[in-house]
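*Asks:* Got a structure for you, questions after.
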Amino acid sequence: MENQNKLSQNQIQSLDEIEERLKEIKDRTTTFVKKNPLTSIAIAVVVGYFVGKIFSGRRQ
C-alpha cells in the first residue's frame, strides 16, 4: 500500500510539473504572437500549407 501511495504522489508531482511546463509554453507563445503578429500569421500559413500537402495525398 505504501508503494502505491508513493507512486500516486510521484504521478501527481509529474502531472504538476507537466502542467507548469505547458503553462510556460502557452505564456511564451502568447507573448511571441503579441510581439510578432505578422510573423505568427506567416508561420501559421506555411505550417497549414505543409500540413495540407501531407494529408491531401496525391490528388492529380
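Any read-out appearing in this document is the output of simple, stated calculations on the displayed coordinates, not a laboratory observation. Model, not experiment: these values are computed from the prediction. Quick reminder, even Gly has a Cβ in these numbers, built from the backbone with ideal geometry, and neighbours come from all protein chains shown.
*Asks:* Computed from these coordinates, which is mean projected area of the Cα convex hull in nm²: [x] 7.0; [y] 5.3; [z] 4.0?
*Replies:* Comparing each candidate, only [x] matches the computed number.
*Asks:* For a quick check of your reading of the filter: which trypsin sites (Lys or Arg not before Pro) in region 11-60 sit in a DSSP loop and have no more than 11 other Cβ atoms within 10 Å?
*Replies:* Of the trypsin sites (Lys or Arg not before Pro), the ones in loops of region 11-60 whose Cβ has at most 11 other Cβ atoms within 10 Å are Arg58, Arg59.
*Asks:* Where Lys and Arg each count +1 and Asp and Glu each count -1, what net charge lies around Thr29 among other residues with Cβ under 14 Å from its Cβ?
*Replies:* Value of the local net charge: +4.
*Asks:* Among the aspartates and glutamates, which have Cα under 16 Å from the Cα of Lys34 when same-chain residues fewer than 8 positions away are ignored?
*Replies:* Glu24
*Asks:* Counting Lys and Arg as +1 and Asp and Glu as -1, each charge on the Cβ, what is the dipole of the chain about the Cα centre in debye, to the nearest 20?
*Replies:* It works out to roughly 640 debye.
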